[in-house]
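Participant: Can you read through this structure? Questions will come right after.
The values are calculated or read from the model by the stated rules, or taken from the named source; none is laboratory data. Treat the numbers as computed from the prediction; the structure is a model and nothing was measured. No Cβ is skipped: glycine too gets one built from the backbone with ideal geometry, and neighbour counts run over all protein chains shown. Accessible surface is based on the protein model in full, side chains and every heavy atom, while ligands, DNA and RNA are left aside. Shrake-Rupley method; radii C 1.70, N 1.55, O 1.52, S 1.80 Å.
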Amino acid sequence: MEEATKQLIADGNKLMASREVATSGKVVATERADKDTESGCAPGQVQRFFRAQGDLSGPPDVHMPYNSAGLMQSALEFMGYDSVVNDRDLRDENLGVSVVHNSKTGLTFTLTVRNGQKPNIMIVGKTSCYARDR
């Protein structure tokens, strides 16, 4: 869990500092994997989350959500993540969603970009579930 948490924070920070995110808008971390969460795990197991959110820069017609989600997805793919779900599966011009997973680290990121509702950009990274330290 400790190693996965360190990698989650490093990858989340690297994504937030990337050109791909800066091109889309301004994003700020709201949670940096600093607490255990049981939701989504079997009893006795926990996981950690990295969360960030922000808004698209410029008027809504400047950034298409699926393009912004795709840009962020490509930054994570460069870090070794593979696409699980992307905007082509949903095909909505006001919503872009990408889910990527790194099989070596067990980390998953969900990238959501939307028009018309704030925050426009939501990034959620998470570890796999691990046995709770006692």
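Participant: With the requirement that a residue be open to solvent by less than 40 Å² (accessible area, probe 1.4 Å) and out of contact with any His (no Cβ under 9 Å at 6 or more places or on another chain), what does segment 106-123 give you? Steps first, answer last, please.
Facilitator: Residues of segment 106-123 that are open to solvent by less than 40 Å² (accessible area, probe 1.4 Å), as a first pass: 106-109, 111-113, 115, 119-121, 123.
Correct list: Gly106, Leu111, Thr112, Pro119, Ile121, Ile123.
Participant: Continuing with this model, one more query. Return the residue satisfying two criteria in turn: it lies in segment 13-25 and is outside any strand (DSSP E or B) and small (Gly, Ala, Ser), and of such residues it is nearest to Asn67 (Cα to Cα).
Facilitator: Step by step, filter segment 13-25, then rank; the result is Ser24.
Participant: Something else now. Among the residues of segment 23-60, which ones are among the small types (Gly, Ala, Ser) and open to solvent by 70 Å² or more (accessible area, probe 1.4 Å)?
Facilitator: Within segment 23-60, Ser39, Gly40 meet the criteria.
Table: residues versus (1) among the β-branched types (Val, Ile, Thr); (2) part of a helix (DSSP H, G or I).
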| position | (1), (2) |
| --- | --- |
| Leu8 | no, yes |
| Asp11 | no, yes |
| Val27 | yes, no |
| Lys35 | no, no |
| Pro43 | no, no |
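Participant: Cβ-Cβ under 6 Å, sequence separation 6+ or interchain: first residue in segment 74-86 and more than 10 Å from His101 (Cα to Cα), partner assigned to a loop (DSSP other than H, G, I, E, B). Which pairs?
Facilitator: Partner pairs satisfying both residue conditions: Ala75/Ser18.
Participant: Could you list, in sequence order, all residues of segment 1-22 that are open to solvent by 20 Å² or more (accessible area, probe 1.4 Å), out of contact with any strand residue (DSSP E or B) (no Cβ under 6 Å at 6 or more places or on another chain), among the aliphatic types (A, V, I, L, M) and within 16 Å of Phe49 (Cα to Cα)?
Facilitator: Ala10
Participant: Looking at (1) at pLDDT below 95; (2) of a type outside the set (A, V, I, L, M); (3) out of contact with any His (no Cβ under 8 Å at 6 or more places or on another chain), which is the one condition that is false for Arg48?
Facilitator: Answer for Arg48: the failing condition is (1).
Participant: Separate question: List pairs: first in segment 34-53 and aliphatic (A, V, I, L, M), second outside any strand (DSSP E or B) and surrounded by 11 or more Cβ atoms within 10 Å (Cβ to Cβ), Cβ under 7 Å, 6+ apart or cross-chain?
Facilitator: Matching pairs, first to second residue: Ala42/Cys129; Val46/Asp36; Val46/Glu38; Val46/Cys129; Val46/Arg132; Ala52/Gly12; Ala52/Met16.
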